[in-house]
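First comes the structure, then the notes that go with it.
The values are calculated or read from the model by the stated rules, or taken from the named source; none is laboratory data. Owing to the predicted nature of the structure, the values given are computational and were not obtained by experimental measurement. As a convention, Cβ positions derive from the backbone with ideal geometry for all residues, glycine included, and neighbour counts pool all protein chains shown. All accessible areas refer to the heavy atoms of the entire protein, side chains included, with ligands and DNA or RNA removed. Shrake-Rupley method; radii C 1.70, N 1.55, O 1.52, S 1.80 Å.
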Amino acid sequence: MNLCSVCGAPVRPPYEPPAAELSPDLDFRQGEPARSTLKRWIAECSGCGAAAPDLTALSTESGEVVRSDPEYAAIRSQAPAFARPFLLWALICQRGDKQWGAAEALLQAAWSADDADEAEWAVAWRAQAAGLWPESKETRPRLCLIDIYRRAGDFPNAAAVAESLALSELDESSVAILDFQRRLVAARETGRQLLSSALRPPATRPHVSYKQKMAPRPGGFWHRLMGRG
Ligand SMILES: [Zn+2]
């Protein structure tokens, strides 16, 4: 039986989302069928209110946050229910110096706000996620950060990250994504966009063979982006 590592209550095992079959968004939110399982990613303990992807694996320090951190209690009582698990987990990560975990949980909170049609919350949590986003030399987190800023309507910061990335060595797909993002930022576009749209060349592009080469396929670029292959 799975037991909460904070209070010992029975809890469900960690959730394993199905593999995505459709394109992720530009911020790497997975496509369906994984996408719509978001609300199951973070479990909340009915005994003590702990929140985590895996309630059986919380550290003693995390348990202290759950039991006695006033901010944790405030989120539990005041946060909108749709986003509460993500915000609680973000705080546990933050208190435990797990900056990536905290930033990702805040981005997931923004996704939950998208799903709930709560646009103001979505902007607020994207801004918080961007504020916590760790420095990275890797391409994917920086492409993701551009999109977080863009969807929060923070076009100057989106453009700044895009500029810094443009100076890096990028593979062909990353260049296509970056170009697409820069066009969106220039157009002050804040809506959801699919990664597949970035990888699909404009219809006016003359070279059909190039188009075929760029067509996403299983085991291709975005499967690698999602860590599957
Ligand atoms: Zn518990």
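Scanning region 1-30 for residues that are in contact with a Gly (Cβ under 8 Å, 6 or more places away or on another chain), away from the ligand (no atom under 16 Å from the Cβ) and open to solvent by 50 Å² or more (accessible area, probe 1.4 Å) yields 21, 22.
For region 138-158, check the following and say yes or no: at least one residue is open to solvent by 10 Å² or more (accessible area, probe 1.4 Å), more than 19 Å from residue 90 (Cβ to Cβ), in a loop (DSSP other than H, G, I, E, B) and free of Cβ contacts under 8 Å to residues at least 12 places away in the same chain. Yes; the residues of region 138-158 include at least one that is open to solvent by 10 Å² or more (accessible area, probe 1.4 Å), more than 19 Å from residue 90 (Cβ to Cβ), in a loop (DSSP other than H, G, I, E, B) and free of Cβ contacts under 8 Å to residues at least 12 places away in the same chain. The residues in region 36-45 that are open to solvent by less than 30 Å² (accessible area, probe 1.4 Å), within 20 Å of the chain's Cα centre (by Cα) and within 14 Å of the ligand (Cβ to nearest atom) can be counted, and the count is 2.
Residue 33 satisfies every condition listed in (1) open to solvent by 50 Å² or more (accessible area, probe 1.4 Å); (2) more than 10 Å from the ligand (Cβ to nearest atom) except (1).
Yes/no matrix, rows are residues, columns are (1) part of a loop (DSSP other than H, G, I, E, B); (2) away from the ligand (no atom under 12 Å from the Cβ); (3) within 20 Å of the chain's Cα centre (by Cα):
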{"residue": "47", "(1), (2), (3)": "yes, no, no"}
{"residue": "56", "(1), (2), (3)": "no, no, no"}
{"residue": "81", "(1), (2), (3)": "yes, yes, yes"}
{"residue": "92", "(1), (2), (3)": "no, yes, yes"}
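Out of all the residues in region 157-165, is one or more β-branched (Val, Ile, Thr), at pLDDT 95 or above and touching a Phe, Trp or Tyr at 6+ places or on another chain (Cβ under 7 Å)? There is at least one residue in region 157-165 that is β-branched (Val, Ile, Thr), at pLDDT 95 or above and touching a Phe, Trp or Tyr at 6+ places or on another chain (Cβ under 7 Å).
Of all residues in region 58-79, how many are part of a helix (DSSP H, G or I), closer than 24 Å to residue 121 by Cβ, among the charged types (D, E, K, R) and more than 23 Å from the chain's Cα centre (by Cα)? Qualifying residue count, region 58-79: 0.
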